[in-house]
2 protein chains.
Amino acid sequence: MKGEPINLAEKLAGFSEHWSPRVVAEMNDVQFKLVKLQGEFVWHDHKETDEAFIVLRGEMEVGFRDRTARVGAGEMLVVPRGVEHVTRAAEECQALVIEPRGVKNTGDAGGKLTAANDRWV
Amino acid sequence: MKGEPINLAEKLAGFSEHWSPRVVAEMNDVQFKLVKLQGEFVWHDHKETDEAFIVLRGEMEVGFRDRTARVGAGEMLVVPRGVEHVTRAAEECQALVIEPRGVKNTGDAGGKLTAANDRWV
């Protein structure tokens, strides 16, 4: 709830599924979503928006077509709009995703990893 | 730079002034700004926007007219638009502020703690 402290570790303890973002807060039309990553996601892009990741625990890779970025705890990375990318994590990584409300996690790629939007934890 | 990892601790080591937000990233028109808080800020509100804080180190208070919220490392809080608030920290607190580009840190209150916008670190 706006105006109240939100403990991210407590919220992370509230779900275990990988690739299943959970909203914890909103700032205007922007959502803050916790996500647990493990394994490899699907290649996709978001035509309409940038997408920010802040890694809270562990390490993730953001693969681009020409290179791979490694993002560890205490680091962040912004994927530019329209740029194809894939996220990966050898071991479970916990991150905060910040992007406008309504963004589909798999972009136009779709598939079985497509998650429901607006699931709060 | 978009698409590159940003190490928040390294960026925090790049400045020491309190109440002087430094931009480290942008997601669309939203800025991620590091700030070091110590002492008490000024009462103010932002008529046009919510304002999100993620505490990285230490603890801060967000005072509202009817209560005070304490926000520690690993916690976040969203101040609703138009709601008067004041931030405080007995000891230095390091936080990430997330809000649209162009928001004045002191809102309409102004005064000597008003910081320049768009200072990157």
Is any residue of the range A:83-113 close enough, with backbone N under 12 Å, to a label point placed 7 angstrom from the Cα of A:GLU40 along the Cα-Cβ axis, and if so, which?
A:86-90
Footprinting exposure proxy for B:GLU84, B:GLU99 (fewest neighbouring C-beta atoms within 10 Å first):
B:GLU84, B:GLU99
Span per principal axis, largest first, for the Cα atoms of the protein assembly as shown (Å):
51, 32, 29
Distances from A:GLN38 to the same position in the other copies: list them in nm, one decimal, shortest first, using label points 7 Å from Cα along Cα→Cβ.
4.1
Links exceeding 26 Å between C-alpha atoms in this model, out of A:LYS104/B:LYS104; B:LYS36/B:LYS104; A:LYS2/A:LYS112, come to A:LYS104/B:LYS104; A:LYS2/A:LYS112
Would you please state the base-10 log of I(q)/I(0) at q = 0.25 1/Å for the range B:8-90, with intensities from the Debye formula using one equal scatterer on every alpha carbon?
-1.49
Taking every residue of A:27-33, the Cβ atoms of other protein chains inside 10 Å of its Cβ average out to 6
Amide H neighbours of B:VAL30 under 5 Å, counting only residues 5+ apart in sequence or on other chains, H built in-plane at 1.01 Å?
B:ARG101
Sorting from shortest, the nanometre distances separating the label point of B:GLY110 (7 Å past Cα along the line to Cβ) from those of the same residue in the other copies are 5.6
Between copies, how far does the label point of A:GLU92 sit from its twins, in nm, shortest first, when each point is 7 Å from Cα along Cα→Cβ?
3.4
Using a Förster distance of 41 angstrom, determine the FRET efficiency expected from the C-beta separation of A:ASP66 and A:GLU92, and round it to 0.05.
0.90
So if R0 is 25 Å, what FRET efficiency would B:MET1 and B:ALA115 give, r being the distance between their Cβ atoms, rounded to the nearest 0.05?
0.60
In whole Å, what is the distance between the alpha-carbon centres of the range B:43-120 and the range A:49-84?
26
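Read-outs throughout are calculated quantities, based only on the coordinates presented, and are distinct from any laboratory measurement. Quick caveat, the model's predicted, so the values are computed rather than measured. Note that we place each Cβ from the backbone using ideal geometry, even for glycine, and neighbour counts take in every protein chain shown.
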